[in-house]
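The values are calculated or read from the model by the stated rules, or taken from the named source; none is laboratory data. As the structure is a prediction and not an experimental result, all values here were calculated from the model. Don't worry about glycine lacking a Cβ; one is built from the backbone with ideal geometry, like all the others, and counts go over all protein chains shown. With ligands, DNA and RNA removed, areas are computed over all heavy atoms of the protein, side chains included. Shrake-Rupley method; radii C 1.70, N 1.55, O 1.52, S 1.80 Å.
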Amino acid sequence: MSRSVRTRPEGSGRALSEAYDTALLDLDGVVYAGGNAIAHAVDSLATARDGGMRLAYVTNNALRTPDTVAAHLTELGIATDAGDVITSAQAVARLIAEQVPPGSRVLVIGGEGLRVALRERGLEPVESAEDDPAAVVQGFGGPELPWGRFAEACYAIARGVPWYASNTDLTIPGARGIAPGNGAAVEVVRIATGAEPQVAGKPLPPMHRETILRTGAQRPLVVGDRLDTDIEGAFNGEVDSLLVLTGVTDGATLLAAPPQHRPTYVDADLRGLLTGQPEVTGDADGGFRCGGWTATAGAERLELTGDGGALDGLRALCAAAWTAGGEQGCGLDSGKVLARLGW
Ligand SMILES: [Mg+2]
């Protein structure tokens, strides 16, 4: 099935919390950062929910259980039930359960979130290749994961046992720097075995399917901070997305985005759920207008004239850059115009 290439952010005359029935929210960089709530997140989510929008939290982190995540959110002031949390551990457990006999043993290289998710599907977590597992599954295990478990995985995979991974995020940004994520641990096993895992997490379809099955969303809006997981996951699931600029994505990355990384809407933070979105319009000279700004693509760089709110300037620039980039990422220099907007 072919999809049209998005060349500008869309407008919405209605608040997004009214135009969509369910927000599928990423956590880190959207709701919290380093354990603390991001500015405006708590109030905006409460208002969206009071207005009738269902809120669900979708995380690639397979270490924490939905209970733990819900307790953390509730502590931050966002009352959440475990049933509102969807993890990549749940998505990969469903994937495995569909492919192995009921009640099978599964060798786990990971933590509690993965074990709980497997038991929920009637599967039995085990720790040794000698336990006759029907599958091997790998999810983030945290600092206490013993190195010997990687060897167990390799022994089983070498015997032809199918291998699954909750997600392949290579890194985990933290307060002290960048730590290796589950994707880095998956690479260890890949290098040692030459095998290839089936992966469930964002941006791949099993994760999106899990969120739809668990929420029953009819008209979902994916809300995320990362282009290659959240926004690409929405693209693959063929649903709309809102990029918030409270996490890892900066203006230059957004302007250079290839089609699968272009969000439907762009806003500063979760207050964007509560408002409409301005239209970006094209003019006869090849410029793109939003608010008081006009953006154009020059031969080597993006240009911006006018004035107004910085976000409207960024939206106009998205249209100029994405149109110029077409089916590729735009390679035009954006440093000067982004500096003007304060990005
Ligand atoms: Mg994130």
Problem set entry | Heavy-atom accessible area per residue - the range 88-199, 1.4 Å, Å² | 46 Å²
Exercise. Can you list the GluC sites (Glu not before Pro) in the range 267-334 that are in a DSSP coil and have 10 or fewer other beta carbons within 10 angstrom?
Worked result: Glu300, Glu327
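Under unit Cβ charges (Lys, Arg +1; Asp, Glu -1), what dipole magnitude, rounded to 20 debye, does the range 88-199 have relative to its Cα centre? Could the numbers behind the result be given before it?
Details: 9 positive and 13 negative charges, 36 e Å.
Approximately 180 debye in magnitude.
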Seminar exercise, completed: Relative contact order as a percentage, the chain, C-alpha pairs under 8 Å and 6+ apart, gives 20 percent
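Kindly state, to the nearest 0.05, the FRET efficiency for Asp67 paired with Ala268, given R0 = 30 Å and r defined as their beta-carbon distance. Each step should come with its number before you reach the end.
Working: r = 32 Å, r/R0 = 1.05.
Working from the Cβ atoms, E equals 0.45.
Just in the range 69-123: which trypsin sites (Lys or Arg not before Pro) are loop by DSSP and have at most 10 other Cβ atoms within 10 Å?
Working: sites: Arg94, Arg105, Arg115, Arg119, Arg121; in loops: Arg121.
Sparse-neighbourhood loop trypsin sites (Lys or Arg not before Pro): none present.
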Problem set entry | Largest-first ellipsoid semi-axes for the chain, taking √(5λ) over the Cα gyration tensor eigenvalues, angstrom | 39, 22, 17
For this session: Using only protein heavy atoms and a 1.4 Å probe, report how much of Tyr32 is accessible, in Å² to the nearest 10.
Result: 20 Å²
Exercise. Any idea of Cys330's accessible area? Nearest 10 Å², probe 1.4 Å.
Worked result: 10 Å²
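Ignoring any ligand, DNA or RNA, what whole percent of the accessible area of the chain comes from carbon and sulfur when the probe is 1.4 angstrom? Mind showing how you got there, number by number?
Details: 7300 of 14690 Å².
Ligands and nucleic acids excluded, carbon and sulfur reach 50 percent.
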Exercise. Considering only DSSP beta bridges whose two residues both sit in the chain, what percent are antiparallel, to the nearest 5?
Worked result: 35 percent
